[in-house]
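Peer 1: Got a structure for you, written out below as structure tokens; questions coming shortly.
Values quoted throughout were computed directly from the atomic coordinates according to the rules given, and no laboratory measurement underlies them. If you're wondering where the values come from, they're calculated on a predicted model, not measured in any experiment.
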Amino acid sequence: MSAACPQNLLARMEAGRRETAHHLDRIQRQIEARAERLTVTQKAKASNRSHKRTSARWTRSDEMLFQSHVETLAFKRRAEIEALVRKLERQDRAIAIVRLKLDMVSLRRAA
């Protein structure tokens, strides 16, 4: 492996970090969307009314049920979420080190 330009290395590292963060956000959105669908379905089955549209309000009990579903789904995907969080932490540390090295090099050139 040849020595890469430090600025290019930093740019690639930051792009990788953005991709990891985007993946983590996508998982959170998937969990929330699934929890909402489960809540709405469960609410519709519980009400068992002929006019489903009459109950369009999101009540406190619906929110509690939604949060319960979010917690359950997040727990089921905890390994994946924790792995991505650890990866983000490693990437943050590596980026900080590269930035520090770049700052040290630029200070040496300025002196």
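Peer 1: In degrees, nearest 10, range 0 to 90: what is the angle between the Cα axis of helix 6-47 and the longest Cα principal axis of the chain?
Peer 2: The answer is roughly 10 degrees.
Peer 1: Considering just Cα atoms, how many Å³ per residue does the convex hull of the chain enclose?
Peer 2: 153 Å³
Peer 1: How far, in degrees from 0 to 90, does helix 60-76 lean away from the longest principal axis of the Cα atoms of the chain, to the nearest 10?
Peer 2: The angle comes out at about 50 degrees.
Peer 1: Another one. Report relative contact order for the chain in percent, whole number only (criteria: Cα-Cα under 8 Å, sequence separation at least 6).
Peer 2: 48 percent
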